[in-house]
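Read through the structure below, which is laid out as structure tokens, and then see the notes.
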Amino acid sequence: QSNNMVIGHGFEFGEIAAEVAPEYPEADFLVTSNPIKPGDDNVQHVMPNSTQGAYLAGVAAGDATESNKLGAIAGFDFPVIAAQMDAFEAGAKSVNPEVWFKVVYLGTLDDVAKGKEAARSQAGSGIDVIYHIADAAGIGVIDGAREEGIKVIGWGVDQRELAPDTIIASQIVDQATMIGD
């Protein structure tokens, strides 16, 4: 459609961009959170160093937990998300070696009800702090945690306004500051 830039926001768009880009040499393709292999000159990627933020989120959760049970709910088991989960756990254990940690992958980033159900399930198993990387489904995670009286570490943007008594911190990811000249 005569666009000169196409942005795929997320790991899942990497292969698609690499496949389609040669057909549109006049357009530039930018994919976030996917380390695309070099090849086409018109395909670039932006990889946030989100593991550092995830580690700090883990420190906050490890300090906040009273049950020593932490949970995480994510949309997909993509490498960039799995790396953040590992960093979160490491951060939590750096301040609280007694922490037990469980991750649930929803298989969706959009299903708010599934996110809420997962949060309620984690609360039922004694988890008292949940870290989420679930986009729209994360709203369900926050709602479920709020209803169960447990805490959440938000992701992407500052989510405190959604549930001020539930959100104890948010891992902020600012893609715009990573794009150079």
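The values are calculated or read from the model by the stated rules, or taken from the named source; none is laboratory data. Bear in mind that the values here come from a model prediction, so they are computed numbers and not experimental data. Because the Cβ atoms are built from the backbone with ideal geometry, glycine has one as well, and the counts that use them run over all protein chains shown. When the accessible area is computed, the model is the full protein with side chains, heavy atoms only, and any ligands, DNA or RNA have been set aside. Shrake-Rupley method; radii C 1.70, N 1.55, O 1.52, S 1.80 Å.
Quick check on segment 99-181: of the DSSP beta bridges with both residues there, what percent are antiparallel, nearest 5%?
Expressed as a percentage, antiparallel bridges in segment 99-181 total about 0.
To the nearest 20 Debye, how big is the dipole of segment 56-173 about its Cα centre, given +1 on the beta carbon of each Lys and Arg and -1 on that of each Asp and Glu?
Dipole about the Cα centre, nearest 20: 140 debye.
In what sequence, largest accessible area first, do Asp41, Asp135 appear using a 1.4 Å probe?
In descending accessible area the options line up as Asp41, Asp135.
Just the number please: accessible area per residue for the chain, 1.4 Å probe, all protein chains included, in Å².
Computed with neighbouring chains in place, this is 53 Å² per residue.
May I ask you to rank His9, His45, His132 by accessible area, largest first, using a 1.4 Å probe over the protein chains only?
Of His9, His45, His132, the descending order of accessible area is His9, His45, His132.
On a 0 to 90° scale, report how tilted helix 50-64 is relative to the longest principal axis of the chain, with both axes built from alpha carbons and the result rounded to the nearest 10.
Helix 50-64 and the main axis of the chain meet at about 10 degrees.
List the relative contact order of the chain as a percent without decimals, with contacts defined as Cα pairs under 8 Å and 6+ residues apart.
Here the relative contact order equals 17 percent.
Please list, or write none, the lysines whose alpha carbon is within less than 30 Å of the alpha carbon of Lys69, excluding same-chain residues fewer than 8 places away.
Excluding near neighbours in sequence, the set is Lys93, Lys102, Lys114, Lys116, Lys151.
Could you check the simple spin-label distance between Ala83 and Asn49, using points 7 Å along Cα→Cβ, in nm with one decimal?
Calculated label separation equals 1.1 nm.
Apply the Karplus parameterisation 6.51 cos²θ - 1.76 cosθ + 1.60, with θ equal to phi minus 60°, to every residue of segment 125-141 and state each ³J(HN,Hα) to the nearest whole Hz, in sequence, with x for glycine and proline.
So the J values, rounded to whole Hz, are 8, x, 5, 10, 9, 10, 9, 10, 10, 9, 6, 5, 4, x, 4, x, 4.
Charges on Cβ only, +1 for Lys and Arg, -1 for Asp and Glu, centred on the Cα centroid of the chain; of His9, Ala21, Ala118, which one is farthest towards the dipole's positive end?
The residue sitting farthest along the positive end of the dipole is Ala118.
How many nm is it between the label spots at Asp28 and Ile168, if each spot is 7 Å from the Cα in line with the beta carbon?
4.2
If you filter segment 49-155 for GluC sites (Glu not before Pro), then keep DSSP loop positions with at most 13 other Cβ within 10 Å, what is left?
Here the GluC sites (Glu not before Pro) that fit, given the DSSP loop and packing criteria, are Glu66, Glu98.
Probe radius 1.4 Å, ligands and nucleic acids ignored: give me the carbon and sulfur share of the accessible area of the chain as a rounded percent.
Roughly 50 percent of what the probe reaches on the chain is carbon or sulfur.
Helix-only mean residue ellipticity at 222 nm, the chain, DSSP H runs n ≥ 4 weighted -39,500 (n - 2.57), per residue, nearest 500. What is it?
It comes out at -11000 deg cm²/dmol, rounded to the nearest 500.
From largest accessible area down, sort Leu56, Leu106; use a 1.4 Å probe on the protein chains.
From most exposed to least exposed: Leu56, Leu106.
When a/c reaches 1.5 or more, the comparison of a/b and b/c decides; with that in mind, is segment 66-112 rounded, prolate or oblate per its Cα gyration tensor?
Oblate shape, in that a/c is at least 1.5 and b/c is the bigger or equal ratio.
For segment 20-124, with only Lys/Arg (+1) and Asp/Glu (-1) charged at the beta-carbon, what is the dipole magnitude about the Cα centre, in debye rounded to 20?
With only Lys, Arg, Asp and Glu charged at Cβ, the dipole is about 580 debye.
Put a dot 7 Å past each Cα toward the Cβ at Ser121 and His9; how far apart are the dots in nm?
Taking the two extended label points, one gets 2.7 nm.
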